[in-house]
Amino acid sequence: MADEFVSIEGLRELEQAMEELTRATAKNQARKSLKSGGQVFADDWKSNVPRDQNHYYESIEVGTKLNKSQRRKHRKQDDVEMFVGSDDPAAIQQEFGNINHPPQPSARESWERTRTKVLRKITDDLQENIGKAVQRARRKALKNAN
């Protein structure tokens, strides 16, 4: 699957709220939101994987790490990134097929089906998580001021 970049507009208030937080807190909240959004895609992908390939099913995960060859090719785009994929080397053969095996696409179909749900989930979770973190930071600042 090729890299796909998406721009979401209308989140200026959220961006301003994030500026009230420490850099680490903002990154943690973003990471948490990206992981929950990625899990929506991973769950749908798992539901489409042929079950005779149990290792393939179990290898689909959401995380911040890439394997060695993927790290070499990847150019970091932002402070917080989340990846959804399989660590099974046979996943490419399963998805795209080869001379002996017809393609059984599950990831591409799942992404087409869930992309709007994923983006909505990330946006909603970001708003909720950042809102809660800002409230905690304000309470802490008030407590320290007294």
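The values are calculated or read from the model by the stated rules, or taken from the named source; none is laboratory data. Please read these numbers as outputs of a predicted model, since none were measured by experiment. Don't worry about glycine lacking a Cβ; one is built from the backbone with ideal geometry, like all the others, and counts go over all protein chains shown.
Observations on the model:
- Of the helices (runs of 4 or more DSSP H) that lie entirely inside region 46-117, those containing 2 or more residues that are of a type in the set (S, T, N, Q) and either in contact (Cβ under 8 Å) with a residue 40 or more places away in the chain or within 26 Å of Lys27 (Cα to Cα) (or both) span 68-73.
- Total residues in region 4-23 satisfying the condition of being surrounded by fewer than 14 Cβ atoms within 10 Å (Cβ to Cβ) and either among the charged types (D, E, K, R) or at pLDDT 90 or above (or both): the figure is 7.
- When Val84 is tested against (1) under 27 Å from Gln127 (Cα atoms); (2) out of contact with any strand residue (DSSP E or B) (no Cβ under 9 Å at 6 or more places or on another chain); (3) not small (Gly, Ala, Ser), exactly one condition is not met: (2).
- Among the residues of region 106-140, those that are surrounded by 11 or more Cβ atoms within 10 Å (Cβ to Cβ) and more than 18 Å from Ser33 (Cβ to Cβ) comprise Ser106, Ala107, Arg108, Glu109, Ser110, Trp111, Arg113, Arg138.
- Filter result for Asn144 (without any contact (Cβ under 8 Å) to a residue 60 or more places away in the chain, closer than 24 Å to Met18 by Cα, exposed (fewer than 10 other Cβ atoms within 10 Å of the Cβ) and more than 15 Å from the chain's Cα centre (by Cα)): yes
- Test: residue in region 61-70 that is at pLDDT 90 or above and surrounded by 14 or more Cβ atoms within 10 Å (Cβ to Cβ): yes
- All positions within region 24-45 that are free of Cβ contacts under 8 Å to residues at least 12 places away in the same chain and either of a type in the set (D, E, K, R) or buried (at least 17 other Cβ atoms within 10 Å of the Cβ) (or both): Asp43
- Arg108 meets all of the listed conditions (1) under 20 Å from the mean Cα position of the chain (by Cα); (2) basic (Lys, Arg); (3) within 23 Å of Glu15 (Cβ to Cβ) but one, namely (3).
- Residues of region 71-92 classified as surrounded by 10 or more Cβ atoms within 10 Å (Cβ to Cβ) and among the polar types (S, T, N, Q), total: 1
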